[in-house]
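Derivation of every value follows stated rules applied to the coordinates shown; laboratory data play no part. Small disclaimer: the values here were computed from a predicted structure and weren't measured. Glycine also receives a Cβ, built like all others from the backbone with ideal geometry; neighbour counts cover every protein chain displayed.
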């Protein structure tokens, strides 16, 4: 059981380049999320999805786009990378269970550097 | 979601119990207390959660005060691998897990 898998694990981009980060989960979770974590700081939610074909903005959505074409995959895109987007990106997933509490399962992170 | 307050750092001797406090004085009746930890360079890991009763699992124990305004995460026999940032999160009953607010947490250093 792989859980939540992120690819790539590391990437260096030049300013203005584009890239897509892939998150895949094999737990049949409805909800998926993308976070960024800057040095010494907590996680900030970028975008999330409550099901296949749906996405929503989180706390810091500017400069990012997402897509959820398949239930198991959640893609995070940077159309024109900026140095301010240098960060570690985490993907997570969880069940949707409004009548009981659930926890989120996280991937191992993607370390992105924009030069 | 209610705001939480945690000390920025704590030390613990290997083999001893680590007691990590969290204040959540504005918690409301339907909000749970969750604990996650993040070991360096890894994704956060769920530890335990509770509503008002004390909880225990294979990783830790969670003690919630009777007024629910504070809680303590207990790692009964800390090891070097427990060195991590520990996040206390308060989340509404119907709020999905990924919209948890991760603050600055407590950096626990377990020393030999």
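If you plug the beta carbon distance of residue A:67 and residue A:15 into 1/(1 + (r/R0)^6) with R0 = 41 Å, you get a FRET efficiency near 0.95. Projected label points at residue A:54 and residue B:14, each 7 Å from Cα along the beta carbon direction, are separated by 4.9 nanometres. Extending 7 Å from Cα along the Cβ direction at residue A:115 and again at residue B:28 yields two label points whose distance is 4.9 nm. Each residue in B:37, A:68 was given a count of other beta-carbon atoms within 10 angstrom of its own, and listing them fewest first yields A:68, B:37. Neighbour counting of Cβ atoms within 10 Å sorts the residues B:41, B:70, fewest neighbours leading, into B:41, B:70.
Looking at the square roots a ≥ b ≥ c of the eigenvalues of the Cα gyration tensor of the protein assembly as shown, which shape do they give, rounded for a/c under 1.5, prolate if a/b is larger than b/c, or oblate? Prolate shape, in that a/c is at least 1.5 and a/b is the bigger ratio. Sort region A:33-88 into rounded, prolate or oblate with this rule: let a ≥ b ≥ c be the square roots of the eigenvalues of the Cα gyration tensor; rounded if a/c is under 1.5, and if a/c is not under 1.5, prolate when a/b is larger than b/c, oblate otherwise. In terms of gyration-tensor shape, prolate.
Taken over the alpha carbons of chain A as equal point scatterers, the Debye sum produces base-10 log I(q)/I(0) values at 0.14, 0.16, 0.19 Å⁻¹ of -0.52, -0.68, -0.95. Take every DSSP beta bridge whose two residues both sit in the protein assembly as shown; close to 90 percent of them are antiparallel. Here the calculated FRET efficiency for residue B:63 and residue B:111, from their Cβ-Cβ distance with R0 = 25 Å, stands at 0.60, rounded to the nearest 0.05.
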